[in-house]
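Undergrad: One structure, as structure tokens, below. Some questions next.
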Amino acid sequence: FMMLYHSVEAKPFMARHAAGRRYTRLTSDYEPMHALCRFFLEHSGPSQHEGDRDMLPFIVGTAELFELFVARWLEARLPERYRLRRQERVDITKSGSIQFVIDLVIEDHATGRALAILDTKYKDVSQPSSQDISQVVAYAEAKGCERAALVYPKAPSGQAPFDVGRKRITPLVFDLEQNVPVAGEAFLTELLAMLGDGGGSSA
């Protein structure tokens, strides 16, 4: 890098510079890269309609993105007495051939004991499905904790916490339709209440 430092310079490019290029068999690998560059440089968004330009198709994993967003929010704002673990693997069989992968686990920072599990669900629902409930109950059982939450980007209407055996299941919402700081603080307040923590939302 240092050898090239004095011989190269940054050069600005416009979206139009990525269009109208001719490609040969030696340079054809650059065509999809240039299409992506043009897409982002123009600040344009995809739609379901056919356009007049070539574009490399791609998929955004919104479920994974929502989970990571919630995790990063909590990592920055959970009180210090808690510790957050993401994508924790729990062996179901002794050989490890069958595993649970739990979205988020909240632990007591001092003891390492699991206090609650959170399963993020990027879906618009009127109430949690039996499949979602079965999943979090199994996760809570695997971690030996009695509290679990299903986290949605939009609130299930009028849904209160409920019990499945000894497990207390709480539907929570991080409302993406609201202002993010406001929605985040509301989500954190409800989460701390679920944990039995009335001591505030910050460390």
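The values are calculated or read from the model by the stated rules, or taken from the named source; none is laboratory data. Keep in mind that what you see is a predicted model, and the values were worked out from it rather than measured. When we count neighbours, we look across all protein chains shown, and the Cβ atoms used for this are built from the backbone with ideal geometry, even at glycine. What goes into the accessible areas is simple: the full protein's heavy atoms, side chains included, and nothing from ligands, DNA or RNA. Shrake-Rupley method; radii C 1.70, N 1.55, O 1.52, S 1.80 Å.
Undergrad: Long-range amide H contacts for Val151: which residues qualify at under 5 Å (H placed 1.01 Å from N, peptide plane, sequence gap of 5 or more or a different chain)?
TA: Asp119, Thr120, Lys121, Leu172
Undergrad: OK, next. Report Rg(Cα)/(2.2 N^0.38 Å) for the chain, keeping two decimals.
TA: Details: Rg = 23.2 Å, N = 203, 2.2 N^0.38 = 16.6 Å.
Here the answer is 1.40, to two decimals.
Undergrad: Still on this structure, please answer the following. Which FRET efficiency value, to the nearest 0.05, is calculated for Asp54 and Gln178 with the Förster distance at 30 angstrom and r the Cβ-Cβ distance?
TA: On the way: r = 37 Å, r/R0 = 1.25.
Step by step, r from the Cβ atoms, then E = 0.20.
Undergrad: Quick check: net charge around Val101, other residues with Cβ under 14 Å of its Cβ, Lys/Arg +1 and Asp/Glu -1? Kindly include the intermediate steps, with their values, before the conclusion.
TA: Working: positive: Arg85, Arg86, Arg89, Lys143; negative: Glu64, Glu67, Glu88, Asp91, Asp103, Asp119.
Local net charge: -2.
Undergrad: Expressed as a whole percentage, what fraction of the accessible surface of the chain belongs to carbon and sulfur atoms when a 1.4 Å probe is rolled over the protein heavy atoms? Let's see the in-between values first.
TA: Details: 7210 of 13730 Å².
For the chain, the apolar C and S fraction of the accessible surface comes to 52 percent.
Undergrad: Can you run phi through the Karplus equation (6.51, -1.76, 1.60; θ = phi - 60°) for the range 150-155 and list ³J(HN,Hα) in whole Hz, with x for Gly and Pro?
TA: 3J(HN,Hα) across the range 150-155, in whole Hz: 9, 9, 10, x, 8, 5.
Undergrad: For the range 85-134, calculate the relative contact order in percent as a whole number, restricting contacts to Cα pairs under 8 Å that are 6 or more residues apart.
TA: Reported as a whole number, the value is 25 percent.
Undergrad: Here is a follow-up. Under a plain spin-label model, where a point goes 7 Å from the Cα along Cα-to-Cβ, how far apart in nm are Asp124 and Glu185?
TA: Once both label points are built, they end up 2.7 nm from each other.
Undergrad: As a check on your grasp of the helix formula, calculate [θ] at 222 nm for the chain: sum -39500 (n - 2.57) over DSSP H runs of n ≥ 4, divide by the residue count, round to the nearest 500. Don't skip to the end; give the middle numbers.
TA: Values: 5 runs with 60 residues, N = 203.
Helices in the chain give a 222 nm mean residue ellipticity of -9000 deg cm²/dmol.
Undergrad: Which sequence of Cys145, Cys37 reflects their accessible areas, 1.4 Å probe, from the largest down? Numbers along the way, then the final one.
TA: On the way: Cys145 5, Cys37 55 Å².
The residues order as Cys37, Cys145, largest area first.
Undergrad: Moving to a separate point now. Excluding Thr120 itself, calculate the net charge of residues whose Cβ lies under 15 Å from the Cβ of Thr120, where each Lys or Arg counts +1 and each Asp or Glu counts -1. Can you show the working numbers first?
TA: Details: positive: Arg72, Arg85, Arg86, Lys121, Lys123, Lys154; negative: Glu64, Glu67, Glu75, Glu88, Asp103, Asp119, Asp124, Asp132, Asp175, Glu190.
Cβ neighbours under 15 Å give a net charge of -4.
Undergrad: Tell me the net charge near Arg166. Cut-off is 14 Å between Cβ atoms, Arg166 excluded, with +1 for each Lys or Arg and -1 for each Asp or Glu. Can you show the working numbers first?
TA: Working: positive: Lys143, Arg147, Lys167, Arg168; negative: Glu141, Glu146, Asp163.
Net charge in that neighbourhood comes out at +1.
Undergrad: Follow-up. Using the Cα centre as the reference, give the magnitude of the dipole from point charges on the C-beta atoms of the chain (Lys, Arg: +1; Asp, Glu: -1; all else neutral), rounded to the nearest 20 debye. Mind dumping the intermediate values first?
TA: Values: 24 positive and 27 negative charges, 86 e Å.
Using Cβ point charges on Lys, Arg, Asp and Glu, the chain gives about 420 debye.
Undergrad: Along the positive direction of the dipole of the chain (beta-carbon charges: Lys, Arg +1; Asp, Glu -1; about the Cα centre), which of Val180, Leu150, Ala138 reaches farthest?
TA: Value computed over the given set: Ala138.
Undergrad: Rolling a 1.4 angstrom probe over the protein heavy atoms, how many square angstrom per residue are accessible across the chain? Don't jump to the answer; show the numbers that get you there.
TA: Numbers: 13730 Å² over 203 residues.
Value for the chain: 68 Å² per residue.
Undergrad: Aspartates and glutamates within cross-link reach of Lys123: Cα-Cα under 19 Å, excluding same-chain residues under 8 positions apart?
TA: Reachable aspartates and glutamates: Glu64, Glu67, Asp103, Asp132, Asp175, Glu177.
Undergrad: So what is the relative contact order of the chain, in percent, for Cα pairs below 8 Å that sit 6 or more residues apart?
TA: Details: 284 pairs, mean separation 26.6, N = 203.
After rounding, I find 13 percent.
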